[in-house]
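Step one of this worksheet: look at the structure below.
Quick note: the coordinates plus some simple rules give every number you see, no bench work behind them. All values reported here derive from a predicted model rather than from experimental measurement. Here the Cβ positions follow ideal geometry from the backbone for every residue, glycine too, while neighbour counts run over all protein chains shown.
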Amino acid sequence: MVDTIILCGIILFIIALNIVERHKATKREDDLLNRLMAKDFTNYVQGTKQLKKKPKQKKDITLTGLLEKPDSDILPVD
């Protein structure tokens, strides 16, 4: 019984290592492909900076928020 539990633990550990290595290899291959596709190093650096940028989170638009804006072209409807 103990041998089976140890063997299952080792198998799960090897599976976890395999998943991590695949993830790292995919990132490495993507980076190498990006380097090959770039015209020069500055183009590559600019592209990697754009990929790392997080998109700005937009706030939800509400009716009260629109009406409170002084530059709003929307007029309240009665």
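Couple of notes before you dig in:
- Ranking of 54, 24 by neighbouring Cβ atoms within 10 Å, starting from the fewest: 54, 24.
- Length added when fully stretched, residue 42-residue 1, from 0.36 nm per residue minus Cα-Cα: 8.8 nm
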